[in-house]
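Contents: one structure, followed by commentary.
Nothing in this text is a laboratory measurement; each read-out follows from the coordinates by a stated rule. Computed from a predicted structure; not experimentally measured. Using ideal geometry, Cβ is built from the backbone for each residue, glycine included, and neighbour counts are taken over all protein chains shown.
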Amino acid sequence: MTPVTVPNPDPVIRHLSLALDSDKMRCVLQEKLFPQRDCRIVSCGIQRVKYKPGKNCLVCYKLQLTAASESGAKQLLLNARYYEPGGSASRFIKASKGELPDSGIVPPLIHLPELDCVIWVFPCDRKLNALPIIQDQDALHREILSHLIAYHWGEHWRYSLLQPEIVHYLPEHTCCVRVRLLLSHGMTGEIRHSMLYGKTYYNDQGRRTLDSMTQLWRSPARQQGRLAVPQPIAYLRHWHLLWQHGVVGTPLSDRLQANQANGAVIANAAAQVATLHQTPVTNLEDASENGDPIVQLQRLLTLVILTRSGMARPLEQLIRLLIQAQPAQDARPTATLHGDLHFKNILAGEDGQVFLIDLDNLYRGDPLADLGSLIAALLNLSLLGQLDESVTHKTIARFLNHYQQHVRWPIAPEDLCWHVAIALLNERMTRGITRLKHGRLALLQPLMALAGNLVLGKDFPEWLPPLAGACKWA
């Protein structure tokens, strides 16, 4: 479960404080969903929050239920969106049109007008139409897997399907299912074990991801063993569903926090990122299409004005400094960027093999933008107390040293610090406001101070090692 922090009262979303209080919401939902007490809500946890100050807030609740007539516990996943006063009625009417998937013991769509709230009950989702298929074993076999196996392996292969498992769900955006298969060949008797991942999207992103992943899979770097990525299989456009082979490994962030990330693993991760940056992929968006960082800073400023107005003036001053210090666009060759680079998206196997995963956001741009995101994520873990500061600095320094050995361009320290500062603000500070995870709002000021130090500081940070071509601050 995700502990959350209640922000300042929102002038538009009048029930926000109640929505983010899981204990009170357990009582509210018990009364609204099971007034006859035929089921009892044992616990109500908040899985995820997506907060748009002054507009709406999506809260994903996970309920544990017990029924008087049955043994064992059940789960319900509710996506509750809270609107402006009186704003839920029209949304509920619109969402009610068309056929809705069966959600089991409660209706798939619930309206709580007194809370300005509409609730979608999993697998009912406002934007993800494939959920009823991928979470149901029979439907998955009937509609998808029998055809997918024949397409990918051949018509002589048969399979036994173990229960599909939802491994990641981002309401109204993406959902990922893991499927373990036992394959047998009808002619030769050959047996194979395979693990597949299916990811459904709210839009046609999966088509572009398949194209990018296919190019990486067929690249000389992957075929020569210098780049390790999952093998793509197919994209089913009707369901907005991408299928790929699974890779075995533990997120590097978990290994780092458990003191299991040795120098060789960090070096391998740096080499993988460097190789990705130098592997051409056609038809990618460039940095300007992917999102101008200065425009994103202005959006962050708007969020701060709405939620933490006392921080607005110093943030505005910092943004002006960042605009003045923005690196030249042609300082380095344009690279293939991961677009969401952090140690959760780098898996390390027991043999030290490293894989890059979650390749949905590839784009073309300055390679230091990727490094800035990765470093900002590690510094954020340190600020949260989830990673020792000395370990954080040593890890960053080791990663940068090995990365520099595998790329053709020198890393200009002041340019790298600029990109780290941008990521601290646009990624870490923005998420602190919009996701409301416990402790994140308290980090807004430290994140802004750290970003300011990187722009204004006269000395290199501790985590920045001597690099080829390094120049001193002006």
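Below are the figures for this structure:
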{"read-out": "Among the listed pairs K24/K127; K24/K62; K24/K344, those beyond 24 Å (Cα-Cα)", "value": "K24/K127; K24/K344"}
{"read-out": "By average C-beta atoms within 10 angstrom, highest first, the peptides 222-231, 254-263", "value": "222-231, 254-263"}
{"read-out": "Cα-derived Rg over Rh, computed across the chain with Rh taken as Kirkwood radius", "value": "0.98"}
{"read-out": "HN-Hα J in Hz across segment 129-143 - Karplus 6.51, -1.76, 1.60, θ = phi - 60°, x for Gly and Pro", "value": "7, 8, 4, x, 7, 6, 9, 10, 4, 5, 5, 4, 5, 5, 8"}
{"read-out": "Förster radius 41 Å - calculated FRET efficiency between I305 and N283 (Cβ-Cβ, nearest 0.05)", "value": "0.60"}
{"read-out": "Additional length obtainable on full extension of the chain from Q64 to Q353, 0.36 nm per residue less Cα span", "value": "100.2 nm"}
{"read-out": "Given charges at beta-carbon only (K, R positive; D, E negative), |dipole| of segment 16-121 in Debye", "value": "360"}
{"read-out": "Per-residue ³J(HN,Hα) for segment 253-264, Karplus 6.51 cos²θ - 1.76 cosθ + 1.60, θ = phi - 60°, Hz, x for Gly and Pro", "value": "5, 5, 5, 5, 5, 9, 6, 10, 9, 7, x, 5"}
{"read-out": "For segment 324-330, Karplus couplings with θ = phi - 60° (6.51, -1.76, 1.60), whole Hz, Gly/Pro x", "value": "5, 9, 4, x, 5, 5, 9"}
{"read-out": "Per residue Cα convex hull volume in Å³ - calculated over segment 306-369", "value": "159"}
{"read-out": "Distance violations [Cα-Cα > 24 Å] among K52/K74; K55/K437; K32/K437; K32/K97", "value": "K52/K74; K32/K437"}
{"read-out": "Ratio of the Cα radius of gyration of segment 16-121 to 2.2 N^0.38 Å, where N counts its residues", "value": "1.06"}
{"read-out": "Check: the chain dipole with +1 on Lys, Arg Cβ and -1 on Asp, Glu Cβ, in debye", "value": "460"}
{"read-out": "Over segment 232-305, equivalent-ellipsoid semi-axes from the Cα gyration tensor in Å", "value": "29, 24, 17"}
{"read-out": "Distance in nm between pseudo-label sites at Q296 and R178 (7 Å out along the Cβ direction from Cα)", "value": "2.9"}
{"read-out": "Ratio Rg/Rh, restricted to segment 131-245 and using Cα atoms, in which Rh is the Kirkwood radius", "value": "0.98"}
{"read-out": "Sorted largest first, extent of segment 296-442 alpha carbons per principal axis (Å)", "value": "49, 37, 31"}
{"read-out": "Test item: Cα-centred dipole of segment 250-456, Lys/Arg +1 and Asp/Glu -1 on Cβ, debye", "value": "640"}
